[in-house]
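Chemist: Just passing along the structure, written as structure tokens.
The values are calculated or read from the model by the stated rules, or taken from the named source; none is laboratory data. Model, not experiment: these values are computed from the prediction. Don't worry about glycine lacking a Cβ; one is built from the backbone with ideal geometry, like all the others, and counts go over all protein chains shown.
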Amino acid sequence: MTKRGSFDKKARNLARMGTAFLLAASMLLAAGCAPREAAPISNADTSDPQAALGHSQSSAQEVREEEEPLPDTLMITTSTNQFAAGKKIIIKPSSSQSSEPAGKPASIKVLPVSGSQSGVEQSTARIPVPDELRGIWISYLDFNSLLKNQSSSAFQVNIANAFDQIASMGLNTVFVQVRPYGDALYQSQYFPWSHTVTGTEGKDPGFDPLSIMVKEAHQRGLRVEAWINPYRIRSGNSSVALSASNPAYKWLQQGDSAVIQYNGVISYNPASQKAQQLIADGVAEIVKGYDVDGIHFDDYFYPTTDAAFDQSSYKAYQGAGGTLSLAQWRRQNVDDLIKKVYTTVKAIDPSVQFGVSPQGNNDNNLNGQYVDVSKWLTGAGYVDYICPQIYFGYQNSTHPFSQTASQWNNMISTTGVRLYIGLAAYKLGTVDNWAGDGAGKTEWTSTSDILSRMVQTGRNQSHYGGFILFRYDSLFSASGTQIQREKQNLKAILK
């Protein structure tokens with residue numbers, strides 16, 4: 001597990017051991033104690049491929065702060081010791097009841113960093129943002145084959161193989177969907193285990209997928225961003241039951257306005273302060289408990305434009321003296337959540353990135369999802385990056401790729417915000433029925449280098465910081481000559 005609490009606890013114990021053992025360790029290592037070499041590392045709910053991204057009881061272990069008995073053995077990470085870089089040192093103090101002569105120095109045992117002692121595993125460091133982020137989304141649809149109903153060992157093999165393929169392409173960041181439906185692909189004190197892991201919401205799989213993913217990704221130099229759908233609990237066509245441990249279930253039973261069930265859709269109410277706090281607390285839980293490199297929101301915000309969806313909340317707002325129109329009020333609710341999450345992340349670790357992937361058509365964002373992206377890109381304290389899903393070809397009749405990329409670039413006027421471009425790898429080999437009646441409709445069917453050309457176009461934008469491909473299966477599970485040529489041409493410009 002890459003939970004960081006156990007590491008911090010051992011660090012406190014290290015301080016209490018005193019300098020005697022550290023001195024003994026250094027003396028013996030300096031005298032030529034040869035450490036062993038490190039052991040080698042061993043290696044859908046919907047048929048719509050865009051649905052995962054958004055085209056239209058177990059409690060987490062808490063870090064104990066109280067004093068604990070001093071262990072017989074103490075594990076020291078050798079990042080603090082110049083004599084055994086990449087190793088762990090075990091120092092065993094002499095017992096007062098030992099038959100060993102008094103004054104005998106502490107015995108030292110050096111273990112590989114991949115080993116563990118008494119259930120303790122090394123924490124992995126966060127990875128800085130690269131000059132060019134080269135990412136790929138791994139959605140819950142991809143996890144249907146990689147994770148669902150798998151054992152811990154089987155999942156570890158599956159995700160290790162996936163990450164090997166991703167790294168070999170020259171990509172450097174994985175966006176793993178860890179909360180697709182108000183649930184969790186990790187051990188959470190707020191949200192139930194996702195049905196996308198075991199088939200049943202709330203059923204503990206017996207291991208922590210996110211912990212495994214962080215460890216396996218970082219071992220390969222891949223950054224990890226935890227991809228969250230903040231509001232969505234159930235889609236209209238879902239037949240999966242809510243578990244009794246789900247806060248949404250409890251609030252629905254209580255008639256609490258923090259959750260809205262409307263036309264079969266179940267969603268957290270964007271206007272609810274209680275719901276906003278739950279979402280922010282869930283983000284804090286991930287950033288504190290795992291060495292993720294970022295928190296990533298997709299483009300599911302308001303599930304409908306229907307005024308009846310949240311009319312009681314809006315009437316309450318007006319009754320309290322509010323004067324914003326319904327659309328303005330909804331946008332403000334989303335703004336409040338984004339700012340709250342940004343502040344939450346930065347208060348824990350300023351190096352952790354927070355960004356959002358809205359739709360490529362900004363009119364849909366503003367008037368359909370009630371997302372005022374331009375506000376986030378002209379003011380501070382909202383996002384570190386924006387990743388519009390520019391899922392249009394160069395010959396799209398209404399949103400041609402080059403012009404759309406430039407439009408998004410020009411929206412950014414605040415400092416420190418980077419532009420990532422979401423690319424539609426899932427469209428390769430398909431007819432684009434949304435592109436109009438011109439050449440854009442068949443643009444994706446015969447191309448061999450459209451992804452690499454799109455990356456080159458992105459690199460010409462002044463705020464460009466990288467790209468993200470949607471999604472894993474589209475590139476690494478699909479077969480065919482066209483896919484292979486696209487991958488080869490993309491890889492060629494990522495060297």
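Chemist: Got a sec? Which of Ala162, Ala217, Ala154 is more than 30 Å from Ser267 (Cβ to Cβ) and under 13 Å from the mean Cα position of the chain (by Cα)?
Modeler: Values: Ala162 fails: under 13 Å from the mean Cα position of the chain (by Cα); Ala154 fails: under 13 Å from the mean Cα position of the chain (by Cα).
Criteria check complete, one pass: Ala217.
Chemist: Now for a separate question. Consider only pairs whose beta carbons are under 9 Å apart and that are at least six residues apart or on different chains; among these, list those whose first residue lies in the range 211-224 and is polar (S, T, N, Q) and whose second residue is modelled with pLDDT of 95 or more.
Modeler: Ser211/Tyr186; Ser211/Gln187; Ser211/Gly289; Ser211/Tyr290; Gln219/Ala160; Gln219/Phe163
Chemist: Test Ser194 against the stated conditions and say whether it is in contact with a Lys or Arg (Cβ under 8 Å, 6 or more places away or on another chain), polar (S, T, N, Q) and either closer than 24 Å to Ile136 by Cβ or not assigned by TED's automatic domain parsing to the domain that holds Thr304 (or both).
Modeler: So Ser194 passes the test.
Chemist: Continuing with the same structure: Which of (1) out of contact with any Leu (no Cβ under 8 Å at 6 or more places or on another chain); (2) buried (at least 16 other Cβ atoms within 10 Å of the Cβ); (3) within 14 Å of Ser194 (Cβ to Cβ) is the odd one out, the single condition Ala226 does not satisfy?
Modeler: Failing condition for Ala226: (1).
Chemist: Just wondering, is there one or more residues in the range 154-173 that are of a type outside the set (Val, Ile, Thr), outside any loop (DSSP other than H, G, I, E, B) and within 21 Å of Phe297 (Cβ to Cβ)?
Modeler: Pass one, the range 154-173, residues of a type outside the set (Val, Ile, Thr): 154-156, 158, 160-165, 167-172.
When the remaining residues are screened for being outside any loop (DSSP other than H, G, I, E, B), the result is 154-156, 158, 160-165, 167-168.
Among the residues that remain, those that are also within 21 Å of Phe297 (Cβ to Cβ) are: none.
No.
Chemist: If I filter the range 441-458 for residues that are within 29 Å of the chain's Cα centre (by Cα), on the phi > 0 side of the Ramachandran plot and surrounded by 21 or more Cβ atoms within 10 Å (Cβ to Cβ), do I get at least one hit?
Modeler: no
Chemist: Scanning the range 382-395 for residues that are within 20 Å of the chain's Cα centre (by Cα) and in a loop (DSSP other than H, G, I, E, B), which turns out nearest to Tyr420 (Cα to Cα)?
Modeler: For the range 382-395, the residue satisfying everything is Cys387.
Chemist: Within the range 340-377, which residues are under 15 Å from the mean Cα position of the chain (by Cα), among the hydroxyl-bearing types (Ser, Thr, Tyr) and surrounded by 16 or more Cβ atoms within 10 Å (Cβ to Cβ)?
Modeler: Tyr342, Ser357
Chemist: When the residues of the range 406-427 are narrowed to those that are small (Gly, Ala, Ser) and buried (at least 18 other Cβ atoms within 10 Å of the Cβ), which ends up nearest to Leu133 (Cα to Cα)?
Modeler: Gly422
Chemist: Please work out if Ser325 is farther than 25 Å from Tyr385 by Cβ and not charged (D, E, K, R).
Modeler: Values: farther than 25 Å from Tyr385 by Cβ: yes; not charged (D, E, K, R): yes.
Judged against the criteria, Ser325 is a match.
Chemist: Answer with yes or no whether Phe301 is at pLDDT 95 or above, surrounded by 14 or more Cβ atoms within 10 Å (Cβ to Cβ) and outside any loop (DSSP other than H, G, I, E, B).
Modeler: Considered against the rule, which asks whether it is at pLDDT 95 or above, surrounded by 14 or more Cβ atoms within 10 Å (Cβ to Cβ) and outside any loop (DSSP other than H, G, I, E, B), Phe301 comes out as no.
Chemist: Might you check whether a residue that is at pLDDT 95 or above, within 20 Å of Gly294 (Cα to Cα) and part of a loop (DSSP other than H, G, I, E, B) occurs anywhere in the range 106-123?
Modeler: To start, the set of residues in the range 106-123 that are at pLDDT 95 or above comprises none.
No: the range 106-123 contains no residue that is at pLDDT 95 or above, within 20 Å of Gly294 (Cα to Cα) and part of a loop (DSSP other than H, G, I, E, B).
Chemist: Taking the range 258-275, which residues are assigned to a loop (DSSP other than H, G, I, E, B) and surrounded by fewer than 16 Cβ atoms within 10 Å (Cβ to Cβ)?
Modeler: Asn263, Gly264
Chemist: Kindly indicate whether any position in the range 244-256 is in contact with a helix residue (DSSP H, G or I) (Cβ under 7 Å, 6 or more places away or on another chain) and surrounded by fewer than 21 Cβ atoms within 10 Å (Cβ to Cβ).
Modeler: Of the residues in the range 244-256, the ones in contact with a helix residue (DSSP H, G or I) (Cβ under 7 Å, 6 or more places away or on another chain) are 247.
From the residues that got through so far, the ones that are surrounded by fewer than 21 Cβ atoms within 10 Å (Cβ to Cβ) too are none.
For the range 244-256, residues in contact with a helix residue (DSSP H, G or I) (Cβ under 7 Å, 6 or more places away or on another chain) and surrounded by fewer than 21 Cβ atoms within 10 Å (Cβ to Cβ): absent.
Chemist: Let me ask another. Looking only at the range 396-405, which residues are among the polar types (S, T, N, Q), crowded, with 20+ Cβ neighbours inside 10 Å and either not assigned by TED's automatic domain parsing to the domain that holds Thr430 or not in a loop (DSSP other than H, G, I, E, B) (or both)?
Modeler: Scanning the range 396-405 gives a single hit, Thr404.
Chemist: Determine if the range 276-293 includes at least one residue that is modelled with pLDDT of 95 or more, over 30 Å from Ala160 (Cβ atoms), touching a Phe, Trp or Tyr at 6+ places or on another chain (Cβ under 8 Å) and part of a loop (DSSP other than H, G, I, E, B).
Modeler: Among the residues of the range 276-293, not one is modelled with pLDDT of 95 or more, over 30 Å from Ala160 (Cβ atoms), touching a Phe, Trp or Tyr at 6+ places or on another chain (Cβ under 8 Å) and part of a loop (DSSP other than H, G, I, E, B), which makes the answer no.
Chemist: Report yes if Val224 is farther than 24 Å from Leu337 by Cα, out of contact with any Pro (no Cβ under 9 Å at 6 or more places or on another chain) and of a type in the set (Val, Ile, Thr), otherwise no.
Modeler: no
Chemist: In the range 478-490, which residues are more than 20 Å from Tyr391 (Cα to Cα) and within 24 Å of the chain's Cα centre (by Cα)?
Modeler: Passing the criteria: none in range.
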